[in-house]
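A.B. asks: Take this structure, written in structure tokens, and hold onto it; I'll ask about it next.
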There are 2 protein chains.
Amino acid sequence: MENISELNPMVISMARHIVNMTTAAGSGHPSSALSLVHIVAALMGKHMRWDPKDPWNPVADRLVLSEGHSVPVVYAAMVELGAVVGREKDSAQVVTAESILKLREIDSPLDGHPNPRVGLAFFDSATGSLGQGLSTAAGLGLAAKLDKSPRRIFALIGDGESREGQIWEACDFVIDHKLNNVTAIFNCNGQGQSDYVSIQQNAATLAKKLRAFGFRVLTIIGHDLASIFWALEEAAVSELPVAIVAKTTKGWGVKELKKHTYHGKPLTQKQLGKALKNIEREAQKLSPGEATAEQMVPPLPSAPAVTPELSVGRLGDPNFGALLEGDSYLAKFEKGLMSTRRAYGLALRELGKVDERIVALDADVKNSTFTEYFAKEFPERYFEARIAEQNMVSAAVGLAAAGKIPFVSSFAKFLSRAFDQIEMAVISGHGVKLVGSHAGATLGPDGPSQMGLTDVAFFRSFPADPDGNGEPAMAFFFPSDAVAAYKCTQLMIDHPGMCYLRTLRSDLGLLYSTDTEFELGGAKTLAVGTDLTIMASGYMVHLAKQVVAALAQEGIKVGLMDCYSFPLKAQSVIEAASVGSGKLLCIEDNYTGGLGSAVAEIAAGLDNCHVDCMYVGKFPKSGKTADDILDYVGLGTQHVIAKARQITQS
Amino acid sequence: MENISELNPMVISMARHIVNMTTAAGSGHPSSALSLVHIVAALMGKHMRWDPKDPWNPVADRLVLSEGHSVPVVYAAMVELGAVVGREKDSAQVVTAESILKLREIDSPLDGHPNPRVGLAFFDSATGSLGQGLSTAAGLGLAAKLDKSPRRIFALIGDGESREGQIWEACDFVIDHKLNNVTAIFNCNGQGQSDYVSIQQNAATLAKKLRAFGFRVLTIIGHDLASIFWALEEAAVSELPVAIVAKTTKGWGVKELKKHTYHGKPLTQKQLGKALKNIEREAQKLSPGEATAEQMVPPLPSAPAVTPELSVGRLGDPNFGALLEGDSYLAKFEKGLMSTRRAYGLALRELGKVDERIVALDADVKNSTFTEYFAKEFPERYFEARIAEQNMVSAAVGLAAAGKIPFVSSFAKFLSRAFDQIEMAVISGHGVKLVGSHAGATLGPDGPSQMGLTDVAFFRSFPADPDGNGEPAMAFFFPSDAVAAYKCTQLMIDHPGMCYLRTLRSDLGLLYSTDTEFELGGAKTLAVGTDLTIMASGYMVHLAKQVVAALAQEGIKVGLMDCYSFPLKAQSVIEAASVGSGKLLCIEDNYTGGLGSAVAEIAAGLDNCHVDCMYVGKFPKSGKTADDILDYVGLGTQHVIAKARQITQS
């Protein structure tokens, strides 16, 4: 520990950078950043094994800044260490004392909160919506364990932020999975945005809670380098995961910024001089260091002894009979029935055999989502997340950032628990594959608390082509039969980004032969009818088939398009509308904002196209069967027939 | 305690009802329900002061069944106590041993999970999406404290369910607000759906955690009536909030149902006889009771000594100058600028003066959302929820159920943390008033982790008229100026149900005179133009005004409609489309699924109406000003001008 004083000049310079850049930006959170200045200097400057010139290096230790608003402290450390930012290695730029003055500007990669999408490769995940970082760190830790990588993960968490329940979900997850390569560091500066933190979040209570959750807890003074290093070194060798509770001072080093009204406020230009003088006074108290950054930062850990060979294959056409060999479901399948959720489970298991990157998480419903098929075959790549969906999604971000392809399954309804985390995953830009089962009103007896009804509107809302390369921010699949579900599972891997697969509880008949091809954004014409075309997805395709048949009896010619993927292509709507009347009827088993809106948005720009929509416009309740519920909410076969008849006769 | 044995016959009958009703339904969770049979018998049969014939009584003690899937145990108790269900008192029906056999049927109020909307007045909130019940109980407890009501609240929480972080948010909230009228009972039956619970959720670990969070913890055997009553009586007089950790047996009394593969599975008709024999054997072990339900259930507590007089008044037109007297913002307002968030804060304060039912919660950002104005004036009606949005929303459901009008504010982005809880609140049918500030890409320097971008799609997705009375499931207001924001705050009270107000960070000019009237679903025509009409909300109305002016210079006549409320009325679109060309351009500062979709859905059913949409189709980042960001995502004034020009020329 004799070289700790080497860090003193770095700490002081970082403090200067923090006030300089936030004052230049006219916004930001200097006081939070200053409370972390010693801890971040210790981590980035001396403890973490990483390469400031190569933040992409997959062997390096990682830092997750859960309290994202403190990010100026990391930018400040990057200046001192000559670290680079950039979307690609070739175009990377060194962060300098000048470039940080463009903090938060539109042409700077130094966003107000960590944003890897704009080039901050030092971070694996966007943070700023609080409480998510420890989960992401856990995902990174899990991947390292799986890969037998020596890399270690550090998460910096605010005390006020630890009020978020997700932090405690993450704590359970870290302990359950024995992730002693993850170190949780709580920054107890005692102040939130609008007030001091509650006694429930002070250092003493936090330490008690963390101990009860199973951590080894080390309480330190967060501005004392010796005790910071003592704790980090203990954490590095501890069998039990370590939580460090660091008592810190918000606005450390700058008198004005210590006031509790100073959250999220920069100093004015006028106040800056005085602040720099305050910092100078701190400098005088310290013994000077001499080492350069190159001398301080330790070398990268050696790469894993055995790098797992990536077997990457693709699924062929499904032979469900063979896939179900020995499975109690086989008899029912032989009657021609299979649910989309089961087909997904089988596909995932088969994909697991040909692609070692695949891992899976589920929130205690793996026997409902059928992630179970994968879990049984690959227990070492299955991580039970228990009933804690938020942590599950953010942990998957960490796994994805470490090169895994995580499939995250629960009921569609319960994924809505993690919509904020899902949006952060989208911003982070990693490929998390979400699977929501038991979707829609057709769930049946369990009632509305278990039905995914808002999920279509939410998942459909993300930009269709954010980067101008034709790849949507969220690839969305809503298959109507087992073949489609099986093949869409492969498509979720073919699309490198975020995906959502919506599956159904019901065992349904097959609509497609096993060699049918599917594509992202695709739709299938199942019937052509000159009087009207019904557009549907999932269960409603089966109902629509009955409608088409019934109306054919009356001489009304109704077409049917299975819209199994979003963003829906304009061409599909144009094609449907080009047949005969140009009348379209969208039917869906969720609230509004889904298929009907997608079709209407395209149709509203077309001539000779008339769109009607039917969706769940009434609150569902329990009912014995899917059809009972559809009748109840006005979406039964008879309702759709009546509506179709009315449209064709108008 | 000499009369505890009175309950024995009730316990046995309840067990019979549980297996009978779930076997009749062919689905449900008998094993979970049986694990609670003694605790619920003790609560509903002897400890809780309530009236089985009048579950609406506002003085009665309340039970929140957080683990909603166990609800057959409550239906079983209702049979024994002759309790009633029904949407109204006049049409209430007694629950009988016959009526429970219609469990989960479409024409029965006995849903698979508690659903007050279908007539289960015994419950205040829909549960079934796990982890929310303790928060709702806390809201009910808070209201009781505020009203000086002696009512007590009991929350039943599953052990597996306690993995949800929201449970721990609720624990902090209960301790912070000293809610010793709330008793949390953890049902530790050791089994989840797909497996045994983690060691992190066993009774011993739970007790440790709860103690660390600040509870007095009583661990008991949940099938021993004596220890159940001991714990309940201790809780009734404890200064400190009490958590009861009850060790129970899943499937109590029925051998088959004790198997850990039996979660959520009913017995077959064939298995039923054996199960009833198992229960009979349990009965023989017990001493018989003699009392009737009327003799067991204690009388209602006496009503509060002083019922607060409800002053219910309405806001007049705002005089912002007067409202800002002594406020440091006054000088800026005098330059003609005010944000919609500030106008909301001022309106809430003024409403607080005329309507005593109003309470407010905020998640440590009250100085950003401006709930602060209310908090300073009415500290006793302001509840700081800290950084825990899920608990905040569910606690508001409890407050609303107890007759309060809770305003729940945070950044729009952070409310997405609670989308599941918001959907459960919608199902529950109470009027929670949600306010999301700093919405949209115009937030500026803080970056995408702080911007509400999916909120419009989500909040717009709820049914427009679920009950056929013209009242939407979610009244949505997105005002463009301070006058509109002020008046929409009043409209949120006028609409008894769920509401969402979307406010902006930016200080903007006023568009409306203070005597302008606004209405739910309304829109205002700000300019008439025969070449094109721009439809916009919020910030984009201001940008559109510049576009209209710029294009007027070129001789292009562009109209402007401020769509400040959803669901948008079809008439507004028809009106806009009826002008001249029938061309509409929707511009919005969020992802898709919002205004553009709303207009397109209506327009796709109209002739001679052509809709184009511009929205945030690219990931935003930090930028110094709102306009920097809008330019970056392709929504700047010049982009809209170019698009409008192109449309009018096509």
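The values are calculated or read from the model by the stated rules, or taken from the named source; none is laboratory data. Remember, predicted model here, so these are calculated numbers, not experimental data. Because the Cβ atoms are built from the backbone with ideal geometry, glycine has one as well, and the counts that use them run over all protein chains shown.
A.B. asks: Is it the case that some residue within the range A:440-458 is at pLDDT 95 or above, within 13 Å of chain B (Cβ to nearest Cβ), over 30 Å from B:P266 (Cβ atoms) and surrounded by fewer than 24 Cβ atoms within 10 Å (Cβ to Cβ)?
C.D. replies: No - not one qualifying residue is present in the range A:440-458.
A.B. asks: Picking from B:A375, B:A401, B:A385, which residue would you name as being within 14 Å of chain A (Cβ to nearest Cβ), within 15 Å of the chain's Cα centre (by Cα) and of a type outside the set (V, I, T)?
C.D. replies: Result: B:A385 is the single residue among B:A375, B:A401, B:A385 that is within 14 Å of chain A (Cβ to nearest Cβ), within 15 Å of the chain's Cα centre (by Cα) and of a type outside the set (V, I, T).
A.B. asks: Answer yes if at least one residue in the range B:548-556 is crowded, with 24+ Cβ neighbours inside 10 Å and out of contact with any Lys or Arg (no Cβ under 7 Å at 6 or more places or on another chain), and no otherwise.
C.D. replies: no
A.B. asks: If you go through the range B:488-495 one residue at a time, do you hit one that is under 22 Å from the mean Cα position of the chain (by Cα), of a type in the set (A, V, I, L, M) and farther than 18 Å from B:P318 by Cα?
C.D. replies: No, that holds for no residue.
A.B. asks: One residue is enough: does the range A:11-31 have a residue meeting the conditions more than 27 Å from B:G623 (Cβ to Cβ), in contact with an Asp or Glu (Cβ under 8 Å, 6 or more places away or on another chain), part of a helix (DSSP H, G or I) and away from chain B (no Cβ under 14 Å)?
C.D. replies: yes
A.B. asks: I've got another one for you. Please state which one of B:M540, B:M535, B:M561 is in a strand (DSSP E or B), surrounded by 17 or more Cβ atoms within 10 Å (Cβ to Cβ) and in contact (Cβ under 8 Å) with a residue 60 or more places away in the chain.
C.D. replies: So the residue among B:M540, B:M535, B:M561 that is in a strand (DSSP E or B), surrounded by 17 or more Cβ atoms within 10 Å (Cβ to Cβ) and in contact (Cβ under 8 Å) with a residue 60 or more places away in the chain is B:M535.
A.B. asks: Criterion first (more than 7 Å from chain B (Cβ to nearest Cβ), of a type in the set (S, T, Y), at negative phi and in contact with a Pro (Cβ under 9 Å, 6 or more places away or on another chain)) does A:Y632 satisfy it?
C.D. replies: no
A.B. asks: Follow-up. Has the range A:480-489 got any residue that is within 23 Å of B:D589 (Cα to Cα), in contact with a Ser or Thr (Cβ under 8 Å, 6 or more places away or on another chain) and among the hydrophobic types (A, V, I, L, M, F, W, C)?
C.D. replies: The answer is no; no qualifying residue exists.
A.B. asks: For the range A:236-257, does any single residue satisfy the condition of being more than 28 Å from A:K277 (Cβ to Cβ), within 13 Å of chain B (Cβ to nearest Cβ) and surrounded by fewer than 18 Cβ atoms within 10 Å (Cβ to Cβ)?
C.D. replies: No, the range A:236-257 contains no residue that is more than 28 Å from A:K277 (Cβ to Cβ), within 13 Å of chain B (Cβ to nearest Cβ) and surrounded by fewer than 18 Cβ atoms within 10 Å (Cβ to Cβ).
A.B. asks: I'd like the residue in the range A:595-606 that is facing chain B (nearest Cβ under 8 Å) and either part of a loop (DSSP other than H, G, I, E, B) or polar (S, T, N, Q) (or both) and, out of all such residues, is nearest to A:G538 (Cα to Cα).
C.D. replies: A:S597
A.B. asks: Next up: When the residues of the range A:86-107 are filtered to those that are buried (at least 22 other Cβ atoms within 10 Å of the Cβ) and outside any helix (DSSP H, G or I), which remaining residue is nearest to the other protein chains (Cβ to nearest Cβ)?
C.D. replies: That would be A:R104.
A.B. asks: Based on what the data block shows, is B:K285 more than 39 Å from the chain's Cα centre (by Cα) and not β-branched (V, I, T)?
C.D. replies: Taking the combined requirement at face value, the residue satisfies it.
A.B. asks: Right, here's the next one. Of A:D224, A:D176, which residue is closer than 27 Å to A:A418 by Cα and of a type in the set (D, E, K, R)?
C.D. replies: Among A:D224, A:D176, only A:D176 is closer than 27 Å to A:A418 by Cα and of a type in the set (D, E, K, R).
A.B. asks: When only residues in the range A:147-195 that are basic (K, R) and within 23 Å of the chain's Cα centre (by Cα) count, which is nearest to A:Y262 (Cα to Cα)?
C.D. replies: Ranking the candidates gives A:R163 first.
A.B. asks: To continue, here is another question. Please go through the range B:174-191 and pick out each residue that is among the hydrophobic types (A, V, I, L, M, F, W, C) and at the interface with chain A (Cβ under 7 Å from one of its Cβ atoms).
C.D. replies: Answer for the range B:174-191, where residues must be among the hydrophobic types (A, V, I, L, M, F, W, C) and at the interface with chain A (Cβ under 7 Å from one of its Cβ atoms): just B:I175.
A.B. asks: Okay, next question. Scan the range A:46-69 and give yes if some residue there is touching a Gly at 6+ places or on another chain (Cβ under 6 Å) and among the hydrophobic types (A, V, I, L, M, F, W, C), otherwise no.
C.D. replies: Within the range A:46-69, one or more residues are touching a Gly at 6+ places or on another chain (Cβ under 6 Å) and among the hydrophobic types (A, V, I, L, M, F, W, C).
A.B. asks: Something else about it: Taking B:L584, is it in a strand (DSSP E or B), without any contact (Cβ under 8 Å) to a residue 60 or more places away in the chain and over 30 Å from A:P116 (Cβ atoms)?
C.D. replies: Yes, satisfied.
A.B. asks: Please note which helices (runs of 4 or more DSSP H) are completely contained in the range A:317-382 and include at least 1 residues that are of a type in the set (A, V, I, L, M) and touching a strand residue (DSSP E or B) at 6+ places or on another chain (Cβ under 9 Å).
C.D. replies: A:340-354, A:372-377
A.B. asks: A further question follows. Mind checking which residues of the range B:607-616 are within 9 Å of chain A (Cβ to nearest Cβ) and not hydroxyl-bearing (S, T, Y)?
C.D. replies: Hits for the range B:607-616 are B:D607, B:C609, B:H610, B:V611, B:D612, B:C613, B:V616.
A.B. asks: Filter the range A:566-594 down to residues that are surrounded by fewer than 24 Cβ atoms within 10 Å (Cβ to Cβ) and at positive phi and give me whichever is farthest from the other protein chains (Cβ to nearest Cβ).
C.D. replies: A:G580
A.B. asks: Okay, moving on. Considering only the range A:474-522, state which residues are surrounded by fewer than 24 Cβ atoms within 10 Å (Cβ to Cβ) and of a type in the set (A, V, I, L, M).
C.D. replies: Selection gives A:V483, A:L491, A:I493, A:L508, A:L510, A:L511, A:L520.
A.B. asks: Has the range A:14-24 got at least one residue that is surrounded by fewer than 23 Cβ atoms within 10 Å (Cβ to Cβ), touching a helix residue (DSSP H, G or I) at 6+ places or on another chain (Cβ under 7 Å) and either hydrophobic (A, V, I, L, M, F, W, C) or at positive phi (or both)?
C.D. replies: yes
A.B. asks: If we keep just the residues of the range B:108-127 that are more than 7 Å from chain A (Cβ to nearest Cβ) and within 16 Å of B:S66 (Cα to Cα), which is nearest to the chain's Cα centre (by Cα)?
C.D. replies: B:S125
A.B. asks: For the range B:495-519, what are the residues that are charged (D, E, K, R) and without any contact (Cβ under 8 Å) to a residue 60 or more places away in the chain?
C.D. replies: Once the filter is applied, which keeps residues that are charged (D, E, K, R) and without any contact (Cβ under 8 Å) to a residue 60 or more places away in the chain, the range B:495-519 yields B:E517, B:E519.
A.B. asks: May I ask you to say which residue of B:G555, B:G529, B:G522 is part of a loop (DSSP other than H, G, I, E, B) and without any contact (Cβ under 8 Å) to a residue 24 or more places away in the chain?
C.D. replies: B:G555
A.B. asks: Can you find a residue that is in contact with a Phe, Trp or Tyr (Cβ under 8 Å, 6 or more places away or on another chain) and surrounded by fewer than 24 Cβ atoms within 10 Å (Cβ to Cβ) anywhere in the range B:156-175?
C.D. replies: Taking every residue of the range B:156-175 in turn, at least one turns out to be in contact with a Phe, Trp or Tyr (Cβ under 8 Å, 6 or more places away or on another chain) and surrounded by fewer than 24 Cβ atoms within 10 Å (Cβ to Cβ).
A.B. asks: For the range B:203-226, give me the residue count where each residue is within 29 Å of the chain's Cα centre (by Cα) and within 14 Å of another protein chain (Cβ to nearest Cβ).
C.D. replies: Going through the range B:203-226 one residue at a time, the tally reaches 10.
A.B. asks: From the set of residues in the range A:192-202 that are buried (at least 19 other Cβ atoms within 10 Å of the Cβ) and more than 7 Å from chain B (Cβ to nearest Cβ), which is nearest to A:G131 (Cα to Cα)?
C.D. replies: A:Q201
A.B. asks: Considering every residue within the range B:396-408, establish whether at least one is at negative phi and either part of a loop (DSSP other than H, G, I, E, B) or among the basic types (K, R) (or both).
C.D. replies: Scanning the range B:396-408 turns up at least one residue that is at negative phi and either part of a loop (DSSP other than H, G, I, E, B) or among the basic types (K, R) (or both).
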